[in-house]
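The values are calculated or read from the model by the stated rules, or taken from the named source; none is laboratory data. Keep in mind that this is a model prediction, so the values were computed, not measured. Ideal geometry is used to build each Cβ from the backbone, glycine not excepted, and the neighbour counts take in all protein chains shown. The area values use the complete protein model at the heavy-atom level, side chains included, leaving out ligands, DNA and RNA. Shrake-Rupley method; radii C 1.70, N 1.55, O 1.52, S 1.80 Å.
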Amino acid sequence: MKQNDPLPQSQVRQRQQSCTVDKLSENDLKDFHLDNLNFNKQRVSLAVICSQNQQDESLVKYQKAILENIDELKDEAPEVEFFLMEVLFPNKPERSIALDLQFGMKENEKTPFKIKEGEEYHIRLHFKVKNDCVIGLKLYNTTRRHGIKVDSYEEIIGSFAPKKHIQIYDMESQIAPSGFLARGHYKGKLLFADGDGIVHMQFDYYFEISKDW
């Protein structure tokens, strides 16, 4: 990975507004509490680490056992491609919502998804890791109503090796707020960043807290 070009802008990175934390706006850094997260310019890719251990046959065998596509590793920054975000309701599975994170987010702005007040829900992510292992991937969320920040949280998703197939992660369950004051339309923003300071995706989403379905 060249230091003067740490994050080559593939089509996936462009679509997902991928960047390094030092490229984020000052407002985003404060909103998501990323002030202390720095881009690691000295990171060593897994491809380089593996190439340095070719003489150790047992280690090479172990690496191939845990990395299904070790031969496809690249000396580049990891790329996490997000495909789908589901909003699942355990008590009302028929109300589940699927948001296309590749090309369908404009529809969400036109038609915000609905959550009944006091309802339990959780988010399921569908993604694929490419090039290298992603270390310490975290989700950062902030929610606004009438332009005022009303909630924020972060969740550790974990570390993932590159795989040929799509991987799935279920976030922790949440309870939608309830009461007259909680009902209405909201705008949220999700941001996914790893421990090396790479922002893999960021996007706005829209939803409504309602009294009934």
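A compact table of results
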{"read-out": "³J(HN,Hα) computed for each position of the range 180-189 - Karplus, 6.51 cos²θ - 1.76 cosθ + 1.60, integer Hz, glycine/proline x", "value": "4, 6, 7, 6, x, 9, 10, 10, x, 9"}
{"read-out": "Charge tally in the Cβ shell below 11 Å around V150, where Lys, Arg are +1 and Asp, Glu are -1, V150 excluded", "value": "+3"}
{"read-out": "Within the accessible area of the chain (1.4 Å probe), percent carbon and sulfur", "value": "48"}
{"read-out": "Cut-off 13 Å between beta-carbons: net charge of the residues surrounding D212, Lys and Arg +1, Asp and Glu -1", "value": "+3"}
{"read-out": "Residue-averaged [θ]222 nm for the chain, counting only DSSP H segments that reach four residues, each worth -39500 (n - 2.57)", "value": "-3500 deg cm²/dmol"}
{"read-out": "Neighbour net charge for L29 - beta-carbon separation under 10 angstrom, K R +1, D E -1", "value": "-4"}
